[in-house]
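Presented below is the structure to which this report refers.
The values are calculated or read from the model by the stated rules, or taken from the named source; none is laboratory data. Every value quoted in this text rests on a predicted model; they were computed, and no experiment measured them. Note that we place each Cβ from the backbone using ideal geometry, even for glycine, and neighbour counts take in every protein chain shown.
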Amino acid sequence: MIDRLDVANNVVIGLKFWARKRKREIELFRAKKKRRENAHEEELHQLEPLSLSFGGLYAMYETHMAFHFFEKARQNLRRPRLQRDGLLHPLRFDVTIDHYDDALCYKYFGMTRAELRRLYEAWGVRSVFHTQSRYKWLGESAFIIYMRYMCDMVHLTDPAIIQEMGYRGLSYMVEIVNEFDAWLYTKFKWLYTDNMDRWAPQLKRWRNMVRAAVGKPYLYHKYGWVCMFVDGTFTRTCRPGGWAMLQQVLYTRYKKAHGVGCQGVMAPNGLFINWWGPAPGRHQDNWMVSKSDLTKHLRSLFDLYPGNVADRRMLRCYGDLIYAETLEISRGYRKDEAHTDAQRLAQKAANHLLNGPRTVVEHGFAKIEQRCPRILQKSSLKPMGGKRIQSLLANAMFISNCHTCLRGSQVNAYFASSPPTLEAYVNGGVEPRHTHL
């Protein structure tokens with residue numbers, strides 16, 4: 001067994017001898033130069049042999065000792081080393097999906113072990129992850145610890161969690177959670193942050209689903225052909241310390257809390273097809289619509305509707321009363337739009353027809369919190385901390401979408417719809433699992 005301290009000690013001793021040799025050579029050169037300046041040539045000629053002979057012998061000795069210790073260290077380095085992981089904990093192991101049965105998988109992740117394996121394979125997780133401290137994690141182990149972190153309110157300092165994760169150190173687990181979070185966001189953000197044009201073949205099916213859910217004709221000249229829904233959500237964060245202006249930006253008097261807002265567009269298939277955020281908590285939903293260019297993305301999608309220009313102009317994304325009416329976004333009647341009591345009652349009844357379908361987006365936000373309760377813990381959302389709030393919230397929504405592809409959702413039951421298969425969704429597919437719906 002190699003002793004790493006002995007190797008380091010030999011290298012240090014060799015360097016010391018080599019430094020002494022160089023220091024001796026510099027001293028002899030300076031002494032020689034000084035004697036040439038201050039003494040006569042005859043006196044210098046008599047002193048040189050003695051000093052040079054003594055310095056030469058001493059330099060030869062130091063050179064020999066330096067090479068001796070360097071060679072000794074090099075021989076030790078050739079010996080077989082112990083594995084680094086074995087020095088951390090004698091019981092360390094790599095946690096895998098097979099360590100959990102169906103009951104534990106449903107308790108921790110909300111799905112069976114076969115579905116968890118299917119999710120792991122669909123994501124195409126790398127075989128090995130290397131953290132900032134160059135610690136190596138197997139891809140399956142990194143996947144398990146990240147899903148445990150997001151889908152269950154676990155504390156990485158809990159001894160039971162440390163034992164479950166293979167006796168890994170706290171710093172190593174924190175690093176792999178951040179590394180996997182960044183990898184997942186970078187790989188799949190194109191599914192929900194870019195334009196929505198790939199969903200164009202489903203617009204007609206979604207429009208018919210909304211009509212069937214309403215049950216009776218509604219005012220198309222007011223609401224248009226509603227085929228999707230938009231809303232914003234507010235997520236509480238820690239109160240940022242230090243800069244007072246940052247506290248004012250994140251604080252909202254409506255919620256009386258610090259936090260950030262996100263905007264989601266939900267389709268009748270139960271998936272968020274567009275996600276934007278986070279935005280400072282003080283801003284409302286119209287501000288997020290403006291900054292996210294949602295109207296441009298919706299117009300680009302609606303222009304691909306298979307029909308004439310008049311039909312394309314009728315398509316709408318429905319929102320609550322706070323949104324401003326545009327050619328792409330519609331909302332219900334506000335109180336100040338009615339002039340008589342009869343007109344007010346008629347407008348209230350018209351709004352009631354679409355209130356039920358509109359709340360599906362609220363169910364979508366609720367499912368994100370149910371599947372990934374980590375985002376409800378304010379200590380995990382620190383604006384001035386090391387974790388990225390943007391990737392954490394977006395990945396929570398993406399995990400919820402993947403869960404919908406595997407097991408469906410309340411939205412699918414309401415609209416009698418079907419989402420795409422998991423493998424099709426992560427690869428950009430849009431066709432529903434059951435095409436007859």
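Scanning the stretch 352-371 for residues that are crowded, with 20+ Cβ neighbours inside 10 Å and within 19 Å of Cys317 (Cα to Cα) yields Leu354, Pro357, Arg358, Val360, Val361, Gly364, Phe365.
Within the stretch 281-295, which residues are within 22 Å of the chain's Cα centre (by Cα) and surrounded by 18 or more Cβ atoms within 10 Å (Cβ to Cβ)? Across the stretch 281-295, the qualifying residues are Gly281, Met288, Ser292. Considering only residues in the stretch 132-156 that are modelled with pLDDT under 90 and hydroxyl-bearing (Ser, Thr, Tyr), the one that is nearest to Arg118 (Cα to Cα) turns out to be Tyr135. Does the stretch 156-171 contain any residue that is surrounded by fewer than 21 Cβ atoms within 10 Å (Cβ to Cβ), over 22 Å from the mean Cα position of the chain (by Cα) and among the charged types (D, E, K, R)? Scanning the stretch 156-171 turns up at least one residue that is surrounded by fewer than 21 Cβ atoms within 10 Å (Cβ to Cβ), over 22 Å from the mean Cα position of the chain (by Cα) and among the charged types (D, E, K, R).
This table checks each residue for (1) in contact (Cβ under 8 Å) with a residue 24 or more places away in the chain; (2) touching a Gly at 6+ places or on another chain (Cβ under 9 Å).
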residue	(1), (2)
Tyr185	yes, no
Gln202	yes, no
Arg207	yes, no
Arg211	no, no
Lys216	yes, no
Gly224	yes, no
Gly261	yes, yes
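For first residues located in the stretch 113-130 and buried (at least 18 other Cβ atoms within 10 Å of the Cβ), partners that are of a type in the set (Phe, Trp, Tyr) and part of a loop (DSSP other than H, G, I, E, B) and lie 6+ apart or on another chain with Cβ distances below 7 Å form the pairs Arg113/Tyr100. Checking each residue in the stretch 166-201 for being touching a Phe, Trp or Tyr at 6+ places or on another chain (Cβ under 9 Å) and of a type in the set (A, V, I, L, M, F, W, C) picks out Met173, Ile176, Val177, Phe180, Trp183, Leu184, Phe188, Leu191, Trp199, Ala200. Identification of helices (runs of 4 or more DSSP H) wholly contained in the stretch 359-437 with 2 or more residues that are touching a residue at least 24 places away in the same chain (Cβ under 8 Å), under 20 Å from Asp231 (Cβ atoms) and not hydroxyl-bearing (Ser, Thr, Tyr) yields 360-371, 389-407, 410-415.
Taking the stretch 179-204, which residues are in a helix (DSSP H, G or I) and either buried (at least 18 other Cβ atoms within 10 Å of the Cβ) or in contact with a strand residue (DSSP E or B) (Cβ under 6 Å, 6 or more places away or on another chain) (or both)? Those that are in a helix (DSSP H, G or I) and either buried (at least 18 other Cβ atoms within 10 Å of the Cβ) or in contact with a strand residue (DSSP E or B) (Cβ under 6 Å, 6 or more places away or on another chain) (or both): Glu179, Phe180, Asp181, Trp183, Leu184, Tyr185, Phe188, Leu191, Trp199, Gln202, Leu203. When residues in the stretch 331-351 are screened for being outside any helix (DSSP H, G or I) and surrounded by 11 or more Cβ atoms within 10 Å (Cβ to Cβ), 5 of them pass.
When Gly307, Gly332 are checked against the criterion of being at pLDDT below 90 and more than 21 Å from Ile389 (Cα to Cα), Gly307 stands alone in meeting it.
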